[in-house]
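Report on the structure given below.
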Amino acid sequence: MRRKKEVTMQFIADQLGISKVTVSKALKGQDGVSEELRKKIKEVAAQLGYKLPGSEQAISTPKNIVIMVQEKYVDAREYTTFYLRFYQKLASSLTRRGYMCNLYPLGSNMPSAQEVNKMFIDNGISGIIVLGDVKKQHIEVIKELNISMLFLDCYNADVNVDCIVTDNYYSTFEITNYLIRCGHKSIGFVGNINATSSIQDRFLGYCRSLMGSGLPINNNCIISDRDDSNEEVDFILPEEMPTAFVCNCDDTAYKFVKHLTEKGYKVPEDISVVGFDNDIYAEISYPKLTTVAVDLDVMTQKAINLIIEKVENGDKDKQSRIFVSGQVIYRNSVSEIN
């Protein structure tokens, strides 16, 4: 009887026309292999029933994780930025862990929960990461999905799931304190606190800083950057301008600095401006923005570890909240007026 030929890394390499070293790096989750090639190698290894040395199990076909995010946040024509980078980090980390990553943009035409559940079952979806704030219409569907799930960079009281978020409250408290240490006693806020949970938390941190220093919270100096449905609106400046503004994100801060410049103000000579996120807008702004750096790497790693744990253990309903600290990055958009 003819013995079945053993499947080796060299055999897999020969099938794909690549080196054995490349196959080894791909199957062991090491760097030096593109994600597209790594995916192909794992698919071939699974089809051939290859077993890693020391393992009793064959390489399995990667499980699927869906990243749900508002479609406008990943539209490169409008946003160069934060959530695109976040998604890319998540996709890369999931692939290294043997999972396939699928992007699910949340648009205006959201199917019913029943339709989404069926679609996910048919496509072998094992878990969901909801990235960033989502609209109420999406929440109504998401909370009915019967699948392992976590929220990343957002939370919602209507959905009983784990959340991983930046410590928005304390980080904004810290950056507002920095403005106060620079001598600013009249400080405004730019952002609609009704739009997202993250803006609400950042606003509370701003308020706590002012209150702790005995400074007033002037409602006339709280400026909206968007409406309640998260759509951009024009800035309306107060008649009496403060000496500094805390913006809810770098995108808003970048546009606000341009608006101030068009109105004849100089930043930071006349008005200091700080942001949040430390994304590309903080770098391309003139002057460059003092801001809070969100630790994408730590948030990504915690999210990947947690969603894989939930998928492998079959966990669906939890409600832990994990906070990741931000770090103030000092640049040129703040002046000292002591």
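Scalar couplings 3J(HN,Hα) for region 306-314, obtained by applying the Karplus form with A = 6.51, B = -1.76, C = 1.60 to θ = phi - 60°, are 6, 5, 5, 4, 5, 5, 6, 9, x Hz; x denotes Gly and Pro. Give me, ordered by chain and number, the residues 5 or more places off D162 or on other chains with an amide H under 5 Å from its own placed amide H. Sorted by chain and number, the residues that satisfy this are F151, K318, S320. Once backbone amide H atoms are built at 1.01 Å from N, I222 has F189 as its partners under 5 Å, excluding neighbours fewer than 5 places away on the same chain.
Taking amide H as placed 1.01 Å from N in the peptide plane, the amide H of M100 sits under 5 Å from that of K63, N64, I65, each at least 5 places away or on another chain. Using only Cα atoms, locate the centre of region 206-234 and the centre of region 86-165, then give the distance between them in Å, rounded to an integer. That distance is 30 Å. Here's the picture: charge each Lys and Arg Cβ at +1 and each Asp and Glu Cβ at -1 in the chain, and of S92, V233, N332 the one pushed furthest to the positive end of that dipole is S92.
If only the Cβ of Lys and Arg carry +1 and only the Cβ of Asp and Glu carry -1, the dipole of the chain around its Cα centre is close to 1840 debye. Would you work out the charge dipole size for region 243-338 about its Cα centre, treating the Cβ of every Lys and Arg as +1 and the Cβ of every Asp and Glu as -1, and quote it to the nearest 20 debye? Magnitude of the dipole: close to 180 debye. Ordering L16, I187, G107 by the projection of their Cα atoms onto the charge dipole of the chain, which places +1 on the Cβ of Lys and Arg and -1 on the Cβ of Asp and Glu, puts L16 at the extreme positive end.
Only DSSP H runs of four or more residues enter the estimate; each adds -39500 (n - 2.57), and after division by the residues of the chain the mean residue ellipticity at 222 nm equals -11500 deg cm²/dmol. Using only the Cα atoms of region 155-230, build the gyration tensor, take square roots of its eigenvalues as a ≥ b ≥ c, and label the shape rounded, prolate or oblate: rounded if a/c is under 1.5, else prolate if a/b is larger than b/c, else oblate. Taking the square roots of the gyration eigenvalues as a ≥ b ≥ c, region 155-230 is oblate. The accessible surface of region 171-306, taken with every protein chain in place and a 1.4 Å probe, is 47 percent carbon and sulfur. For region 129-145, putting each phi into the Karplus relation 6.51 cos²θ - 1.76 cosθ + 1.60 with θ = phi - 60° gives couplings of 10, 8, 9, x, 5, 10, 6, 4, 4, 6, 4, 4, 7, 4, 5, 9, 6 Hz, in residue order, rounded to whole numbers and with x for Gly and Pro. When peptides 255-267, 153-165 are sorted by average Cβ neighbour count within 10 Å, with the highest value leading, the order is 153-165, 255-267.
The candidate values are (1) 16.1; (2) 18.1; (3) 20.8; the one derived from this structure for mean projected area of the Cα convex hull in nm² carries the label (3).
Net charge dipole, region 240-286: roughly 160 debye, given to the nearest 20, about the Cα centre with Cβ charges of +1 for Lys and Arg and -1 for Asp and Glu.
Here the average projected area of the convex hull drawn through the C-alpha atoms of region 204-338 stands at 10.7 nm².
Shown in residue order for region 234-247 are the 3J(HN,Hα) couplings computed by the Karplus curve 6.51 cos²θ - 1.76 cosθ + 1.60 at θ = phi - 60°: 6, 6, 10, 7, x, 5, 9, 7, x, 8, 7, 10, 9, 9 Hz (x for Gly and Pro). Computed from Cα atoms, the angle from the helix 197-212 axis to the main principal axis of the chain rounds to 40 degrees.
By the rule of a C-alpha distance below 19 Å, with chain neighbours fewer than 8 residues away ignored, the lysines paired with K185 are K266. Among D297, D227, the order of accessible area from largest down is D297, D227, computed with a 1.4 Å probe on protein heavy atoms. Here the relative contact order of the chain, from alpha carbon pairs under 8 Å that lie six or more residues apart, stands at 16 percent.
The values are calculated or read from the model by the stated rules, or taken from the named source; none is laboratory data. The model shown is predicted, which means the values in this text are computed figures rather than measured ones. Glycine gets a Cβ as well: all are built from the backbone with ideal geometry, and neighbour counts include every protein chain shown. Remember, those area values only see protein heavy atoms, side chains included, never the ligands or the DNA or RNA. Shrake-Rupley method; radii C 1.70, N 1.55, O 1.52, S 1.80 Å.
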